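Derivation of every value follows stated rules applied to the coordinates shown; laboratory data play no part. If you're wondering where the values come from, they're calculated on a predicted model, not measured in any experiment. Note that we place each Cβ from the backbone using ideal geometry, even for glycine, and neighbour counts take in every protein chain shown.
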Amino acid sequence: MAGYADCEHDNARRFRDAALPYLDDVFTLARYLMRNAADAEDAVQECYLRALHHFDTYRGPAMKPWLLTILRNVCNAEFARRRKQEVSTDCGAEEEAEDVPLWQEPQASPETTLLRQHDDDTVRKLIAALPQQFREVIVLREVNELSYQEIAEVAGVPVGTVMSRLARARAMLRSAWNVAEGTAP
Amino acid sequence: MNCAECEILLHALLDGELDAGHARDVEAHVAQCSACAEKLRAFRAMHGTMAAANLKEAAPASLRSRIEAALPSPAPRPAAALKFARPSRRMFFGGFAAGAALSAAAAASLFLTVIRNDQEQTIADEVVSAHIRSLQAGHLMDVETSDQHTVKPWFDGKVDVAPPVVDLTAEGFTLLGGRLDYIDGEPVASVVYRRRKHIINLFVARRLGREHAFVAASMVQGYNVRHWSDQGLDYWAVSDLDGGELGEFVQKVSAALHPGRPS
């Protein structure tokens, strides 16, 4: 059989060309989801391992959302594992609080009209402080620059849900934005 | 348009996701509603700031080289197992047994996005129309039975394929029956399932759209659509179920078609 090693090598080369250009995108999402650099690196490594494993049957046109979907599944599996551990030791509810609105919707008032300018680091921190499902949608849209349809696929929800989450997420971000570093409204 | 609608749609406007008609509606509303106009201004400024900011994180070089190192090297190494160079730190993904890791990976691979292909889009539209038509009284089933062994032979001679009919009752998808439908002018088998109150039409035919190894997902007129190809047949699943549950359905069908394969 002439082909097996060649084929495997060819597959790896195609995978490298197709998937590695998105490494920064994948790492970025991992960084915002996992909150800690070492965990993010592990998640990215696992994501690429799985993607490579399935690459020989990959036919799709959109590599970036495919990789981000896998990454998100990896992160969620890890969250689920941790939650299970936490339940068994009955401590901590860090991830459970996700759906609870922690933020007030901003009131439309002249004080909030002007947006404060923040440096990149502050903006990152503001995003990082959002509850998970809102953080995710903001990062996929504003940082990974996916379309609504692509976000819907990555998050496994209908486009309508993406739209309402994004509206909520930006409203939360806006109120936090104006509170951050100074004069509260 | 009222303020609640506008509050959602103005984001789609900012993101360039709104069609011309809705964009005009939002602009018309904003022109006469100062509260929404103010929101649009603020969100546009925020969106602009974020677009200009550098919010991406560069992957560390060490991570990149670790992933590179895991790819098969140019020197032919027949049947070499692909292994990442460094084992995961402190049991990070230790929760995965081999089987679970495999099935989770398979689940992840069952996603694929956005088919911007005219032919594919036309068929997606037709499939959704057929689905909506089927929901009208008396149109859903030609053969009504929850017995897979009755549904399958019923298609004999009506369509040129033998559509697989699988029983997923135990998985929460009840088999209702089968129907002969027409897509793109060709007779097509539809196998009908139900989850709670939601109907799923699974259309099966030879060569119906582009061939996909993965599941292509789209949404047409608010219905979720999944299309994939398997062993020369094209499958289109349509339902008002949410994407997650329809995805689960697709997985169960695929798994039932390949009983040997870990699902």
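Evaluate peptide A:156-168: per residue, the Cβ atoms of other protein chains within 10 Å of its Cβ; return the mean as an integer.
Whole-number average of other-chain Cβ neighbours for A:156-168 is 5.
Would you mind getting me the FRET efficiency between B:A4 and B:D242? Use the beta-carbon distance for r and R0 = 25 Å, nearest 0.05.
So the FRET efficiency works out to roughly 0.70.
Mind ranking B:235-245, B:147-157, B:192-202 by how tightly packed they are, going by the mean number of other C-beta atoms within 10 angstrom, highest first?
The densest-packed peptide leads the list: B:235-245, B:192-202, B:147-157.
May I ask you to derive the FRET efficiency for B:R210 and B:S34 from their Cβ-Cβ distance with R0 = 41 Å, giving the value to the nearest 0.05?
Efficiency computed from Cβ-Cβ geometry: 0.25.
Report the gain in length on full extension from B:E27 to B:S65: 0.36 nm times residue separation, minus Cα-Cα distance, nm rounded to one decimal.
Result for the pair: 8.7 nm of gain on full extension.
Over all residues in B:136-144, what is the mean tally of Cβ atoms on other chains that come within 10 Å of each residue's Cβ?
0
Sort A:K64, A:K84 so that the residue with the fewest other Cβ atoms within 10 Å of its own Cβ comes first and the one with the most comes last.
A:K84, A:K64
Students often get this wrong, so check it: of A:K125/B:K56; A:K84/B:K197; A:K64/B:K56, which have C-alpha atoms separated by over 20 Å?
A:K84/B:K197
Computed over the Cα atoms of region B:118-257, what is the ratio Rg over Rh, Rh following Kirkwood?
With Rg and the Kirkwood Rh in hand, the quotient comes to 0.91.
Would you mind computing the Rg to Rh ratio of region A:3-89 from its alpha-carbon coordinates, Kirkwood style for Rh?
Rg/Rh for region A:3-89 comes to 1.06.
Counting only other chains, what is the mean number of Cβ atoms within 10 angstrom of the Cβ of each residue in peptide A:36-43?
That average works out to 4.
If you take every residue apart from B:K152 with its C-beta less than 14 Å away from the C-beta of B:K152, what net charge results, scoring Lys and Arg +1 and Asp and Glu -1?
-2
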